[in-house]
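Single-structure report; data block below.
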Amino acid sequence: MGSIQLQHVNKSFGTHAVIPDASLEIKDGEFVVFVGPSGCGKSTLLRLIAGLEDTTSGQILLDGQDMTAAAPAKRQLAMVFQSYALYPHMTVAQNIGFPLKMAGMDKAAIDAKVKEAAGVLNLTSYLDRRPRNLSGGQRQRVAIGRAIVREPKAFLFDEPLSNLDAALRVNMRLEISELHHQLKTTMVYVTHDQVEAMTMADRIVVLNAGNIEQFGTPMELYRTPANRFVAGFIGSPKMNFVDGAEAAKHGAFAIGVRPEHMAVNKDSGLWRGTVGVAEHLGSDTFLHVNVDGLGLMTVRAEGEKQLHHGDVVWLTPDPSRIYRFDKDGQALAAA
Amino acid sequence: MARAATTQRKIVVTTAAWIVGLLIFFPILWTILTSFKTEGDAIAFPPSLFPPHWTLENYFEVQSRSDYFRHFVNSVVISIGSTVLALLIAVPAAWAMAFSPTPKTRDIMMWMLSTKMMPAVGVLVPIYLIFRTLGLLDNVWGLMVILMLMNLPIVVWMLYTYFKEIPVDILEAARMDGATLGKELVYVLVPMAVPGIASTMLLNVILAWNEAFWTLNLTAARAAPLTAFIASYSSPEGLFWAKLSAASTLAIAPILVLGWISQKQLVRGLTFGAVK
Amino acid sequence: MATRQTKALARAMMAPSIIVLFVWMIVPLVLTLWFSFQRYNLNYPERSGFVWFRNYYFFLTDPAFLQAIGNTLILVVGVLVITVVGGILLALLLDQPIWGQGIVRLLVIAPFFVMPTVSALVWKNMMMHPQYGIFAWISKTLGLPTVAWLTDYPLASVIIITAWEWLPFAALILLTALQSLDEDQKEASEMDGANFVNRFIYIILPHLARAITVVILIETIFLLSVFAEIYVTTQGGPGYSSTNLPFLVYVQALLNYDVGGASAGGMVAVVLANIVAIFLIRIVGRNLDA
């Protein structure tokens, strides 16, 4: 079991509220991702759950029990740090076994558990090495191993992949997702990368300036963003926003169109523009088009489309996929 | 083409560096070689670089004439004793400042450093009088305390810079892993801090071993460490250069080896972490 | 709650160091200040009393004092110039690819580990001795008149000995700083067409600036209190020609037993050192944040 509830949690340093008022309910077995730009309070929120920071006010419940004042060790949570935080003077086996040793488990049982975890994580042949002799990906797996052996109620991940190179990051993303399917334990994962959030999460919490902007499944956030911030943050490349007269035609202060929801035509369409940079990825082509009177827009076209710098194109947004926002950036119901 | 030029250049640079290195090292080399000469050969003219008649006699003479070993023991006791004393009170302080810093920590560190700037002559008179009153003149324990106080700021600073490098993440990980404060200390903190403590200790032993202001002014025959003992050779009667060289070689050899081992930490310690 | 406990614990852990240092710094200093206003000579205990600034007056108007101040400054500046310039050159040399670099490095830093009394004696007897010293041998071999270093050039001799002790320190620190210079930056400047002199002036020297400052300030602290080198070699003489401030205070206190006068001299030394210390503390403090 591993449900996590936050009730009106507030965290302030002096008069500055990092987390003004957060309430949240994470179900047992869920994979929840906290995502937001740097400084949005997502790591602080995770550390509050871990018990590494004290809450200023509000409650944190684990499995329905109030754990607000409990020490980190008493919460039965495991954490994987961005820096991995491996013990440099211990071998891989000792690192993984450390929490069990702290729990007073006997040596034989620790060995068995460590072997099992090492098997799952492909670390068996590295058990006697020290962290400094491991690659980044291997260190990451040791950190995960240290977390899984103690069978915690929930795993907390603090930007675990940001120190890895791009290819390895994709791999580890898959491994962590696979691990979640195997273990079915609650996971809370912090990242600033919306791709990680979209691909891994059961549900995503979008944070901005310490406030929870929206909490929902990846597709809910993609299809019905609650506000302009979420709309702009989720989805890659970013949604294009237009305000002024063009938005007023749709009865809104601002409208947004995703790059993948626009048709590109060389002869006719709604908006006329000139191609600036064309990024040919093979599967897709991203066109950065300077639209007359509206500014720069990003459009996704099919991969083999032969369009180049300086070409004149016409863009036509899919009318059913135009998002409308009011003056405060809140989403308006579909027209 | 470029390769040939590089090799040629390397030969020139290597030659120059070795010549300069040997010139700088020469007085030490000369002392070591002279210690194996007879007194006659030591002042022979023209001098010969290597002893014409190798002898160990000087080393035995130094011991039998002046009880060299006693001064050596004094040096060991004073330098190691003052270092251990300093570590005992500096480790907790550096620890607290590195891991639970307050806005005042910085000022305290700066103030500690400023005590190191005080010239010894500024306090020579009262310390001398206090020691005289307490009967601590020519006393190993008194000197140990003075040297501990002399080096305490450097010790705190060095330890602080080492402790600062232990990532907070690791301490948090240990807490998440269920370690109590005691276990955290035994299994995580101490093993990670040992290298820093060891190199601090090494540097401090070197500094204490070579300290020559207080040792000259506060000791006489009984408690004199090697610094003061060697100074007694400066009296003009007789030219016992081979014996002087033997005594000097014995006095500098252990610390030269320690110094060579710790040269990396030395920079850091002596510049208070300003140059690493 | 937990944080408050930690704070109390932290305070308790710091207390011994702070108290000990505070006592060590304040008590003797206050005593020195007190003595410096007293008529107090161990040879004449019956003559005592508060004399205000008389000790300062005598000390500061003593011709020996002016000479000692001059010698102190010449000693500090002389050694600084030799060690910093020599240190930069040595560091540049040792930073090149060399066969046996590690060994050369050990040879160069060795003098720093030699205790001051030993280096002073070795130089006095075996290098500078007018009859049996190496320098005398070199002069004779070249057919030049021999020089009685310690009697004819006492201050210069002390400067040479002290510079030999401190050159390794400067070289080692500057070399460490030099090695932290980004290889890319050197290569970029080479690509930009800078020759060695240009690279030295525009890239290397600015990079070394901080290390040089640190070397100068730390050496100054130690050089202001050079003692053993003088004690062993010239005993401040002939006359006062190689007496510096610490040696003068030592003579007043432990040879003339003039506690009051020595204390006044000690206070002057403290003031001098503090002027340097202010700068040093600022620089180190700035690095503390980085």
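The values are calculated or read from the model by the stated rules, or taken from the named source; none is laboratory data. Since we're looking at a predicted model, the values are computed, not measured. Every residue, glycine among them, receives a Cβ derived from its backbone with ideal geometry; neighbour counts consider all protein chains shown.
A few remarks follow.
- Taking (1) surrounded by fewer than 23 Cβ atoms within 10 Å (Cβ to Cβ); (2) at the interface with chain B (Cβ under 8 Å from one of its Cβ atoms); (3) closer than 28 Å to C:Gly239 by Cβ in turn, C:Met126 satisfies each apart from (1).
- Residue in the range B:163-172 that is part of a helix (DSSP H, G or I) and under 14 Å from A:Ala71 (Cβ atoms) present: yes
- Exactly one residue out of B:Glu165, B:Glu172 is charged (D, E, K, R), under 30 Å from A:Gly145 (Cα atoms) and modelled with pLDDT under 85: that is B:Glu165.
- Some residue of the range C:133-154 being among the acidic types (Asp, Glu) and either within 13 Å of chain B (Cβ to nearest Cβ) or within 23 Å of the chain's Cα centre (by Cα) (or both): no
- Residue within the range C:250-270 that is surrounded by 16 or more Cβ atoms within 10 Å (Cβ to Cβ), within 17 Å of C:Ala68 (Cβ to Cβ) and among the hydroxyl-bearing types (Ser, Thr, Tyr) present: yes
- Residue, nearest to C:Pro168 (Cα to Cα), within the range B:33-54, restricted to residues that are surrounded by fewer than 17 Cβ atoms within 10 Å (Cβ to Cβ), out of contact with any Asp or Glu (no Cβ under 9 Å at 6 or more places or on another chain) and more than 10 Å from every other protein chain (Cβ to nearest Cβ): B:Leu49
- Taken together, B:Leu143, B:Leu149 contain a single residue that is buried (at least 24 other Cβ atoms within 10 Å of the Cβ), modelled with pLDDT of 85 or more and in a helix (DSSP H, G or I), which is B:Leu143.
- Residue list for the range A:67-99, restricted to those being surrounded by fewer than 23 Cβ atoms within 10 Å (Cβ to Cβ), among the aliphatic types (A, V, I, L, M) and more than 9 Å from chain B (Cβ to nearest Cβ): A:Met67, A:Ala69, A:Ala70, A:Ala93
- Number of positions in the range B:219-249 that are facing chain C (nearest Cβ under 10 Å), in a helix (DSSP H, G or I) and over 14 Å from the mean Cα position of the chain (by Cα): 13
- Matching residues in the range B:83-107 - criterion: being crowded, with 16+ Cβ neighbours inside 10 Å and more than 7 Å from chain C (Cβ to nearest Cβ): B:Thr83, B:Leu85, B:Ala86, B:Leu87, B:Val91, B:Ala94, B:Ala98, B:Phe99, B:Thr105
- Per-region count, the range B:46-70, residues outside any helix (DSSP H, G or I), farther than 16 Å from B:Thr31 by Cβ and within 30 Å of the chain's Cα centre (by Cα): 1
- Some residue of the range A:128-142 being of a type in the set (Ser, Thr, Tyr), in contact (Cβ under 8 Å) with a residue 40 or more places away in the chain and not in a helix (DSSP H, G or I): no
- Qualifying residue in the range B:65-73 (condition: within 19 Å of C:Ala15 (Cβ to Cβ), assigned by TED's automatic domain parsing to the domain that holds B:Pro225 and of a type in the set (A, V, I, L, M)): no
- Residue match in the range C:139-147 (condition: assigned to a loop (DSSP other than H, G, I, E, B) and of a type in the set (Gly, Ala, Ser)): yes
- Among residues of the range C:109-134 that are of a type in the set (D, E, K, R), those with a beta-carbon under 8 Å from a residue that is assigned to a loop (DSSP other than H, G, I, E, B) at least six positions away or on a different chain give the pairs C:Lys124/C:Thr233.
- Condition met for B:Ile197 (closer than 25 Å to B:Met112 by Cα, outside any helix (DSSP H, G or I) and away from chain C (no Cβ under 14 Å)): no
- The range A:1-60 - residue that is among the small types (Gly, Ala, Ser) and part of a strand (DSSP E or B) and, of those, surrounded by the most Cβ atoms within 10 Å (Cβ to Cβ): A:Ala22
- Filter result for A:Arg150 (assigned by TED's automatic domain parsing to the domain that holds A:Phe31 and assigned to a helix (DSSP H, G or I)): no
- B:Asn204 meets the conditions (1) at the interface with another protein chain (Cβ under 9 Å from one of its Cβ atoms); (2) farther than 30 Å from C:Leu255 by Cβ; (3) at pLDDT 85 or above in every case but one. The failed one is (1).
- Any hit, the range B:109-120, residues being within 13 Å of chain C (Cβ to nearest Cβ), at pLDDT 85 or above and part of a helix (DSSP H, G or I): no
- Residue match in the range B:174-186 (condition: over 19 Å from B:Val155 (Cα atoms) and in contact with a strand residue (DSSP E or B) (Cβ under 6 Å, 6 or more places away or on another chain)): yes
- Scanning the range B:119-139 for residues that are more than 21 Å from C:Phe227 (Cα to Cα) and crowded, with 18+ Cβ neighbours inside 10 Å turns up just one, B:Leu136.
- The range C:225-252: number of residues that are out of contact with any Pro (no Cβ under 6 Å at 6 or more places or on another chain), in a loop (DSSP other than H, G, I, E, B) and either modelled with pLDDT of 85 or more or not aromatic (Phe, Trp, Tyr) (or both): 9
- Unmet requirement for C:Thr83, which otherwise passes all of (1) modelled with pLDDT of 85 or more; (2) surrounded by fewer than 16 Cβ atoms within 10 Å (Cβ to Cβ); (3) more than 10 Å from chain B (Cβ to nearest Cβ): (2)
- Test: C:Val197 is over 30 Å from B:Thr219 (Cα atoms), modelled with pLDDT of 85 or more, in a helix (DSSP H, G or I) and among the aliphatic types (A, V, I, L, M): no
- Which numbered condition C:Gly236 misses (of (1) free of Cβ contacts under 8 Å to residues at least 40 places away in the same chain; (2) at the interface with another protein chain (Cβ under 10 Å from one of its Cβ atoms)): (2)
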